[in-house]
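Taken together, the values in this text are just the output of simple stated rules run on the coordinates, not laboratory data. Just so we're clear, the structure is a prediction, and the values are computed from it rather than from any experiment. Cβ atoms come from the backbone with ideal geometry, glycine included; neighbour counts cover every protein chain shown.
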Amino acid sequence: MNIQEIIQTAAMEADNLANTLQHDAPETAVYVLNELDEVAACISFTDLLSIDAGAKLTGAARYLRQTFPRFSLGHESADNLAHAAASLAARAAGASL
């Protein structure tokens with residue numbers, strides 16, 4: 001994934017989850033949507049690194065899996081977020097070489 005795809009994934013998953021989470025799990029909605037909104041607001045690789053976006057994406061994915069163990073949309077979103085976090089980590093590792 002390139003940087004724009006990582007940012008777009010956060011924005012897309014926030015949109016996908018907003019109504020479901022706010023209706024079914026308001027506390028989860030606040031945490032997950034805040035994390036994803038912060039990542040989606042980034043405009044560059046430097047921005048992503050400065051907010052520790054990898055940790056935010058990974059944390060949101062983990063929280064979704066734990067909160068919704070049998071909810072397929074939650075797992076699909078969690079997988080997408082984990083993939084974005086892994087892509088960001090790979091880019092960060094490559095940049096530090």
For region 42-52, in order, what is each residue's ³J(HN,Hα) by Karplus, 6.51 cos²θ - 1.76 cosθ + 1.60 with θ = phi - 60°, in whole Hz (x at glycine and Pro)?
6, 10, 8, 4, 4, 4, 4, 5, 5, 9, 6
For P(r) over Cα pairs in 5 Å bins from 0, in percent, the listed values are (i) 2, 15, 29, 25, 14, 9, 4, 1, 0; (ii) 3, 14, 25, 25, 19, 10, 3, 1; (iii) 2, 13, 22, 21, 12, 8, 7, 7, 6, 3, 1; which was obtained by calculation from the structure presented?
(i)
Apply the Karplus curve 6.51 cos²θ - 1.76 cosθ + 1.60, θ = phi - 60°, to the phi angles in region 14-28 and return the couplings in whole Hz, x for Gly and Pro.
4, 5, 4, 8, 3, 5, 4, 5, 5, 7, 8, 8, x, 5, 5
May I ask for the net charge around L57, where only other residues with Cβ less than 11 Å from the Cβ of L57 are counted and Lys, Arg are +1 while Asp, Glu are -1?
-2
From phi via Karplus (6.51, -1.76, 1.60), per-residue ³J(HN,Hα) for region 78-93 in Hz, x at Gly/Pro
4, 4, 4, 5, 5, 5, 4, 5, 5, 5, 5, 4, 5, 5, 5, 5
Once Lys and Arg are counted +1 and Asp and Glu -1 for all other residues with Cβ under 14 Å from that of I3, the total becomes -1
Assuming 0.36 nm per residue, please report the length gained on full extension of the stretch L49 to D15 beyond their Cα-Cα distance.
10.0 nm
Using just the helices of the chain, give the 222 nm mean residue ellipticity in deg cm²/dmol: DSSP H runs with n ≥ 4 each add -39,500 (n - 2.57), and the total is spread over all residues, rounded to 500.
-28000 deg cm²/dmol
For N34, the net charge from surrounding residues (Cβ-Cβ under 12 Å; K, R +1; D, E -1) works out to -3
